[in-house]
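Peer 1: Please see the structure below; I have some questions.
The values are calculated or read from the model by the stated rules, or taken from the named source; none is laboratory data. Source: prediction; values computed, not measured. Glycine also receives a Cβ, built like all others from the backbone with ideal geometry; neighbour counts cover every protein chain displayed.
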């Protein structure tokens, strides 16, 4: 047994969601098509097979709830490894169906040989036993395991997999408000006419939502006179897999649920304390490495987080749809996507745990009556879930050992991609681009995966660079080096729990002076920046720049995963608590992307720094910061901070004794630096960031001291000045339309200034 749940509260007996009268029995699936490919860097054969169910005819208000034993689910046969899985509900034209029409409460795939070894408490509270799939966000949140890892299936036959499908046809429902009626149907509210098992006492349970319904006709009450004309829908799912199982490290699947391994629970309205928190602690029974984690919540969810030994690891955030026309995938008021807690493209590629460690899962729902994310909000949410789906490496020495990369492969990888080793997503991109050359050098399968991982970089690649560093030190004497990270590339810095940002970002230029339209050169610069293999992940923008549409479009067109990019945006002024949230929502709507960090742009209640600023009062700053804390709690950003705030502006926030800013972005360059604010930020754990690091024309590039240091390192004066910033572990946002200038500036992390040189530059 891998994990065991530690239940500190009374164990509750749950209704078994997988038993009872099923509405649609013996649903057959048909193979649609298979695509074949080869992994670009690891060399194993990859297949993608799509299956589609027979028609699921649904009358208005009808609920489908199937038993896995009666719903066989075809999968590939034989012995193989599943690499990815995605599914959704479609119509007869193979188009995605909006959640406002057919609500996907959940659909899951179960392997009869799988056991959820995480939730194994007594009684029926064993948690979900599924392997793939879940609810409304599934089509936007596919399961994709790290390269070279997969779920092994041995000698599979046609009877090995089954589906539990729970769909609700929420059209023509009874009630004055269609949104309220849909919510009550989706969340299993009691209502007359839903069957004899759906009683007031069973309100919010599966007995009011499909399980144990009468005569196979479970439905939500519909408007009088509604014609029961069925519409055909289908469950479609695509399996990504390989038969080259010998090169795929096996993983296990464990699903944590809170509270106490329950399948579902309810939360009640509370306007006084609007955030309902559920937390459960699990005890690790074996050493393991968790390589993948993503949350599952229902409408009303704020986020779900993982802690190891009470230390924060990561958070999975929901995305709510914003389209009032209910376009499938962006349905207004519905939870349509979950961010990955971590995966191979995240800054935390895995989490190692040891026997005896504790893992806590914390789920948060908003229970205030004014949830602005939803179309209809009454604070109460019944039949909700808080799941953390994880994949962990199995400890099978026969299958989990792979020889490290041969020297020729390692050398070639460093030659081609050395600047981005340690930045896994970018390293993978680089390896893909140079697949042919790496293949000729002997790079196969696990070799590149390990080489692109941070651990491999530390254990295998770093000594090569340390040797160069040692030689440099011998040439320069016994100077003290204050920067210890790799000189091969600019690293990231941690600005909040689990949130890492790159040291270098591109500040997308201000389009406000051009009527909100960035020039072609500006947009092209951002696109090239994102397509670059050299740290092209950091993006800095602001609402007043009026370029959100260009930023969002460039991000989506880049071909990069969202997790490999880091987006910072800013709200113009100190606003009211509610207005701060509204401004962030506006920013997100314009970009079509959720930021990693949101900043208050200035400490001004109106105007702007150096341009008619009316300095905000202490009370105004405090209220605005409460709004920023709401932004964080609502999952609208991974971190929050400020910009252009001095000590006197930061002190009111510190005095609140709440969440401190993760970032303070201020103008900083050689010859212009606010040391008192930098020190204050350091003392309070606030990351300082530099904008305009080259001074916007104010940098004295003719200073003989800067020129002398630049000549000593064979670098430009600009690179030296930027290195002075990054060597203090201070990130910076560059702004330019000349991308080649930015790329050359990135080499500012490729050398080390001596302690003496740092002192000289600080004194200018």
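Peer 1: Can you confirm whether residue 57 is surrounded by fewer than 22 Cβ atoms within 10 Å (Cβ to Cβ) and at pLDDT below 80? Can you show your working first?
Peer 2: Values: surrounded by fewer than 22 Cβ atoms within 10 Å (Cβ to Cβ): yes; at pLDDT below 80: no.
No: the conditions fail for residue 57.
Peer 1: Within segment 53-70, can one find any residue that is without any contact (Cβ under 8 Å) to a residue 40 or more places away in the chain and assigned to a loop (DSSP other than H, G, I, E, B)? Write out each step before concluding.
Peer 2: Applying the first criterion (without any contact (Cβ under 8 Å) to a residue 40 or more places away in the chain) to segment 53-70 yields none.
Looking through segment 53-70, none of the residues is without any contact (Cβ under 8 Å) to a residue 40 or more places away in the chain and assigned to a loop (DSSP other than H, G, I, E, B).
Peer 1: OK, next. Could you say whether any residue in segment 708-730 is at pLDDT 90 or above, under 21 Å from residue 503 (Cβ atoms), in contact with a strand residue (DSSP E or B) (Cβ under 7 Å, 6 or more places away or on another chain) and not in a helix (DSSP H, G or I)?
Peer 2: Checked segment 708-730: at least one residue is at pLDDT 90 or above, under 21 Å from residue 503 (Cβ atoms), in contact with a strand residue (DSSP E or B) (Cβ under 7 Å, 6 or more places away or on another chain) and not in a helix (DSSP H, G or I).
Peer 1: Moving to a separate point now. Yes or no: residue 164 in a strand (DSSP E or B) and in contact with a helix residue (DSSP H, G or I) (Cβ under 6 Å, 6 or more places away or on another chain)?
Peer 2: Spelling it out, residue 164 is indeed in a strand (DSSP E or B) and in contact with a helix residue (DSSP H, G or I) (Cβ under 6 Å, 6 or more places away or on another chain).
Peer 1: Can you tell me which of 748, 744 is part of a helix (DSSP H, G or I), crowded, with 20+ Cβ neighbours inside 10 Å and modelled with pLDDT under 85?
Peer 2: Being part of a helix (DSSP H, G or I), crowded, with 20+ Cβ neighbours inside 10 Å and modelled with pLDDT under 85 holds for just one of 748, 744, which is 748.
Peer 1: List every residue pair whose Cβ atoms sit under 6 Å apart, with the two residues 6 or more apart in sequence or on different chains, where the first one lies in segment 257-284 and is not assigned by TED's automatic domain parsing to the domain that holds residue 308 and surrounded by fewer than 22 Cβ atoms within 10 Å (Cβ to Cβ) and the second, anywhere, is at pLDDT below 95 and outside any loop (DSSP other than H, G, I, E, B).
Peer 2: Short answer, once both residue conditions are applied: none.
Peer 1: Residues in segment 261-279 that are under 22 Å from residue 351 (Cβ atoms) and modelled with pLDDT under 90: how many?
Peer 2: Here the count works out to 1.
Peer 1: May I ask you to list the residues in segment 146-161 that are farther than 30 Å from residue 209 by Cβ and assigned to a strand (DSSP E or B)?
Peer 2: 149, 150, 152, 153, 154, 155, 156
Peer 1: Also: Can you find, within segment 641-685, the residue that is nearest to the chain's Cα centre (by Cα) among those that are without any contact (Cβ under 8 Å) to a residue 60 or more places away in the chain and on the phi > 0 side of the Ramachandran plot?
Peer 2: In this case the residue turns out to be 685.
Peer 1: For residue 334, state whether it is over 12 Å from the mean Cα position of the chain (by Cα), surrounded by 19 or more Cβ atoms within 10 Å (Cβ to Cβ) and more than 17 Å from residue 143 (Cα to Cα).
Peer 2: Values: over 12 Å from the mean Cα position of the chain (by Cα): yes; surrounded by 19 or more Cβ atoms within 10 Å (Cβ to Cβ): yes; more than 17 Å from residue 143 (Cα to Cα): yes.
So residue 334 fits the description; yes.
Peer 1: Residues that are touching a helix residue (DSSP H, G or I) at 6+ places or on another chain (Cβ under 6 Å) and at pLDDT 70 or above: which strands (runs of 3 or more DSSP E) entirely in segment 493-557 hold 1 or more of them? Talk me through it step by step, then tell me what you get.
Peer 2: Numbers: elements: 499-502, 504-507, 538-540.
Where strands (runs of 3 or more DSSP E) fall fully within segment 493-557 and carry at least 1 residues being touching a helix residue (DSSP H, G or I) at 6+ places or on another chain (Cβ under 6 Å) and at pLDDT 70 or above, they are 504-507.
Peer 1: Take the conditions touching a strand residue (DSSP E or B) at 6+ places or on another chain (Cβ under 6 Å), assigned by TED's automatic domain parsing to the domain that holds residue 92, outside any strand (DSSP E or B) and crowded, with 18+ Cβ neighbours inside 10 Å and apply them to residue 254. Does it pass?
Peer 2: The answer is no for residue 254.
Peer 1: If a residue must be under 30 Å from residue 76 (Cβ atoms) and buried (at least 17 other Cβ atoms within 10 Å of the Cβ), how many such residues does segment 157-196 contain?
Peer 2: Let us first name the residues in segment 157-196 that are under 30 Å from residue 76 (Cβ atoms), namely 157-167.
Among the residues that remain, those that are also buried (at least 17 other Cβ atoms within 10 Å of the Cβ) are: 160-167.
Total meeting the criteria: 8.
Peer 1: Continuing with this model, one more query. If we keep just the residues of segment 270-279 that are in contact with a strand residue (DSSP E or B) (Cβ under 9 Å, 6 or more places away or on another chain) and assigned to a loop (DSSP other than H, G, I, E, B), which is farthest from residue 320 (Cα to Cα)?
Peer 2: So in segment 270-279, the residues in contact with a strand residue (DSSP E or B) (Cβ under 9 Å, 6 or more places away or on another chain) come out as 270, 274-279.
This time we only want the ones that are assigned to a loop (DSSP other than H, G, I, E, B), so: 270, 274.
Working: 270: 21, 274: 18 Å.
Checking each candidate, the answer is 270.
Peer 1: Considering each of 186, 144, 159, 155 in turn, give the residue that is within 22 Å of residue 299 (Cα to Cα) and touching a strand residue (DSSP E or B) at 6+ places or on another chain (Cβ under 9 Å).
Peer 2: Values: 144 fails: within 22 Å of residue 299 (Cα to Cα); 159 fails: within 22 Å of residue 299 (Cα to Cα); 155 fails: within 22 Å of residue 299 (Cα to Cα).
Unique residue meeting the criteria: 186.
Peer 1: Output the residues belonging to segment 339-366 that are under 25 Å from residue 299 (Cα atoms), in a loop (DSSP other than H, G, I, E, B) and at pLDDT 85 or above.
Peer 2: Within segment 339-366, 339 is the sole residue that qualifies.
Peer 1: Residues in segment 233-242: is at least one part of a loop (DSSP other than H, G, I, E, B) and in contact (Cβ under 8 Å) with a residue 12 or more places away in the chain? Steps first, please.
Peer 2: From segment 233-242, those part of a loop (DSSP other than H, G, I, E, B) are none; that's our starting set.
There is no residue in segment 233-242 that is part of a loop (DSSP other than H, G, I, E, B) and in contact (Cβ under 8 Å) with a residue 12 or more places away in the chain.
Peer 1: May I ask you to list the residues in segment 677-693 that are in contact with a strand residue (DSSP E or B) (Cβ under 6 Å, 6 or more places away or on another chain) and not in a helix (DSSP H, G or I)? First the steps, then the outcome.
Peer 2: Just the residues of segment 677-693 that are in contact with a strand residue (DSSP E or B) (Cβ under 6 Å, 6 or more places away or on another chain), to begin with: 678, 681, 686-693.
If the condition is that a residue be in contact with a strand residue (DSSP E or B) (Cβ under 6 Å, 6 or more places away or on another chain) and not in a helix (DSSP H, G or I), then 686, 687, 688, 689, 690, 691, 692, 693 are the ones that fit.
Peer 1: In segment 167-183, what count of residues is obtained for those that are touching a strand residue (DSSP E or B) at 6+ places or on another chain (Cβ under 7 Å) and either at pLDDT below 90 or not in a loop (DSSP other than H, G, I, E, B) (or both)? It would help to see each step written out before you state the result.
Peer 2: Residues of segment 167-183 that are touching a strand residue (DSSP E or B) at 6+ places or on another chain (Cβ under 7 Å), as a first pass: 167-170, 172-174, 181-182.
Among the residues that remain, those that are also either at pLDDT below 90 or not in a loop (DSSP other than H, G, I, E, B) (or both) are: 167-169, 173, 181-182.
Qualifying residue count for the region: 6.
Yes/no matrix, rows are residues, columns are (1) in a loop (DSSP other than H, G, I, E, B); (2) at pLDDT 95 or above; (3) under 24 Å from residue 145 (Cα atoms):
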position: 281; (1), (2), (3): no, no, no
position: 289; (1), (2), (3): no, no, yes
position: 296; (1), (2), (3): no, yes, yes
position: 307; (1), (2), (3): no, no, yes
position: 312; (1), (2), (3): no, no, yes
position: 315; (1), (2), (3): no, no, yes
position: 325; (1), (2), (3): yes, no, no
